[in-house]
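See below for the structure under consideration.
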Amino acid sequence: MIVRISTEGQYELGPEDTDKLNELDNKAVSACNADTEEQFRAAFSELLDFVRHRGHPVPEDELGPSDVILPPPDTSIEEARAEFTGEGLIPG
Amino acid sequence: MPGLSGRMSTIVKSKISKLLDRAEDPGETLEYSYQKQIELLQNVKKGIADVVTSKKRLQLQEENIKQQVVKLDTQARQALAAGQEDLARTALERKNVAQTELQSLDGQVAQLEQQQEQMTASEQKLRSKIEQFRSKKEVIKAQYSAAEAQVRISEAATGVGEEMADVGLAMQRAVDKTENMKARADAVGELEASGAFEDLTALGPGEDDIDRQLKQLSSTTEVDAELEKMKAELGGGAPAAAGELGAGDAAAPAEEVHGEDGVKSPPIPPAEPAQKAHEGEAH
């Protein structure tokens, strides 16, 4: 499974990591809906670090699409909330 | 997949398909993607130039404000030496505002520097991706039959499209931040132009809007503390120096002269220190 961290790069993760990735992703979503900036940051960082540590960076000369795309590491809680109210990080 | 990644993936994919739908035959898709990448690279370069310009502008403002801080400090000392405490207080209040501004400018310059680095890294990455794409598209065109090419091309184009969308996103975020910085730089420029950090001697007798704003802005306790410190430094003999205000620190050295002689004495051999020290001074 290829996971892209937006503005950072692509990582290849094994199929065994899918469940954990899903779990962390959902945790980040509930943090962005319910909690403070700090708590969201902690949950989101956990998700990003999981991808960075479990995954292997995809070589520069590979031009394949990703299965999953994560928002940029510097996403704020407001931006993350906007993601779910439809505006999104990439308008247009 | 739901969650943050699901939303993000959907958005990026719709962006890519919009990008690629414009071209119909495979060869055209490849050329179109390639042209788009070149355009994007130009935008990245322009973005970097913008960041550098904003940074230079803020650095220039920093220099100006630094000079104002020195000037206001000197003016406060002069005013205090001349016994005009109110004037000294106003000068310190202005210095306080200028220093706060300076701190915030420092942070912004550092942020812009970071952005410049990030964008330069993006540019290099994009450049190498484009180079790979260029050679790949020639291989695809030459090697595959139309049916095969369609699949290969859509794969390569989607990957490249994603990469482009990603670099585009990084650029957009950098540009948004730079816009904020520019607005900030404009605001500081206006504040400067309004005379907020200006020479105190240009100040009229009554209080103007800026004075009132300054009083609200600056922390009174900080100013009080600095005023007290300055008074202590100036000591009791200050009024005598009031005639030579031009020199800025003129009042202080008069007090420190004796102290400095005392400090110079120790290197002289301990045998007859008092005598030699006095001889040195006698002219």
| How about the range A:33-48: which of its residues are at pLDDT 80 or above and surrounded by 12 or more Cβ atoms within 10 Å (Cβ to Cβ)? | A:Glu37, A:Gln39, A:Phe40, A:Arg41, A:Ala42, A:Ala43, A:Phe44, A:Ser45, A:Glu46, A:Leu47, A:Leu48
| Residue check, A:His53 against (1) surrounded by 14 or more Cβ atoms within 10 Å (Cβ to Cβ); (2) modelled with pLDDT of 80 or more, all met but one. Which one? | (1)
| If you go through the range B:96-110 one residue at a time, do you hit one that is within 14 Å of chain A (Cβ to nearest Cβ), more than 30 Å from B:Asp224 (Cα to Cα) and not polar (S, T, N, Q)? | no
| remark: With criteria (1) modelled with pLDDT under 85; (2) of a type in the set (Asp, Glu); (3) in contact with a strand residue (DSSP E or B) (Cβ under 7 Å, 6 or more places away or on another chain), A:Asp61 comes up short on (3)
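The values are calculated or read from the model by the stated rules, or taken from the named source; none is laboratory data. Only a predicted model underlies this, so the values are computations on that prediction, with no experimental measurement involved. Counting neighbours? That spans all protein chains shown, and the Cβs are built from the backbone with ideal geometry, glycine included.
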